[in-house]
1. Around residue 34, what is the net charge, scoring Lys/Arg as +1 and Asp/Glu as -1 over all other residues with Cβ under 9 Å from its Cβ?
2. If I compute solvent accessible area with a 1.4 Å probe over the protein chains, what percent of it on segment 1-125 is carbon and sulfur?
3. Within straight cross-link reach of residue 185, meaning Cα distance under 19 Å, which aspartates and glutamates are found once same-chain residues fewer than 8 apart are removed?
4. Provide the three semi-axes, in whole Å and in decreasing order, of the ellipsoid equivalent to segment 185-225 as defined by the square roots of 5 times the Cα gyration tensor eigenvalues.
5. Using a Debye calculation, one point per C-alpha and no hydration shell, please list log10 I(q)/I(0) for segment 124-261 at q = 0.13, 0.14, 0.20 Å⁻¹ in order.
6. Can you work out the accessible area per residue across the chain, with the rest of the protein chains kept in place, probe 1.4 Å, in square angstrom?
7. Report the Cα centroid-to-centroid distance between segment 51-129 and segment 182-242 in angstrom, as an integer.
8. Just order 19-29, 230-240 by mean Cβ neighbour count inside 10 Å, highest at the front, would you?
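The values are calculated or read from the model by the stated rules, or taken from the named source; none is laboratory data. Here the structure is a predicted model, which means the values were calculated and not measured. Glycine also receives a Cβ, built like all others from the backbone with ideal geometry; neighbour counts cover every protein chain displayed. Protein only, heavy atoms only, side chains kept; ligands, DNA and RNA dropped before computing areas. Shrake-Rupley method; radii C 1.70, N 1.55, O 1.52, S 1.80 Å.
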Amino acid sequence: MLTDTVGIFTERGGTIAFLLSKDGIVVVDSQFPEQSNHLIDELKKRSEKPFKLLINTHHHGDHSSGNISFKGIVEHVLAHENSKKNQEISAKRNNSEDKQLYPDQTYSNTWCQSFGKEKICVDYFGPGHTNGDSIIHFQHANVAHMGDLLFNRRHPFVDRSAGAHIKNWITVLEKAVKKFDRKTKFVFGHAAEGYEITGSLDDLNLFRDYLENVVRFVEAGIKTGKKKEEILKATEIPGSPQWKGDGIQRPLDAAFEELVG
Ligand SMILES: [Zn+2]
Ligand SMILES: [Zn+2]
């Protein structure tokens, strides 16, 4: 538990957050079916209230594949309108439509609803990790789930096929920094080994700087006539040495494609 009513759960996939209120249970993200079954069992032990709402931060399988476990259990599923479209497109492509539980509610810019003492507000600040990333704020608890808009000290996946945009991702993080405060507890989709899946505004600012350093590095490479293959050979992003390990090619490749347009 992060507070007396809001907690997190993680086994395999993007971090799940949940709210236990007197009006019912709200869950953010669902990992995979097996994981969501474990989560549902665990939450049933802690509350006799109904599952009111499942929110997906975005459509990726490690955040929405477990939706199916909530079929017939949860009253509503909510996601950004683009997230729903992306989920449908991916499911058709992967021939897995029968394994999906799609959102029955969508929104464009912002969405709010009260559950007991808690008020949940969901914001869309434009394309980032995909073109359908929501930030979910439990206002009373002051906990914000960032989904995959925040990879804590880990090189991010940048899903250009689903409308990701690194430069705008920077803007999205700046909007989040303005909206939240020093006391906000943040939940991250993923973290590198040894780092936390929760954190503070400092982590948002550091990841914002990391993305800016990625763009700056690739931009400089392009200006000096480097080919993409040469840029992808980098083992560290100058200015952001805390980001280590696998996957550095993903943001570099995405930044290159974005910059050469
Ligand atoms: Zn993820
Ligand atoms: Zn993702």
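1. Cβ neighbours under 9 Å give a net charge of 0.
2. 45
3. 4, 29, 118, 123, 133, 148, 174, 196, 202, 203
4. Values for segment 185-225, descending: 28, 11, 6 Å.
5. -0.52, -0.60, -1.17
6. 45
7. 27
8. Per-residue Cβ counts within 10 Å, averaged per peptide and sorted highest first, yield 19-29, 230-240.
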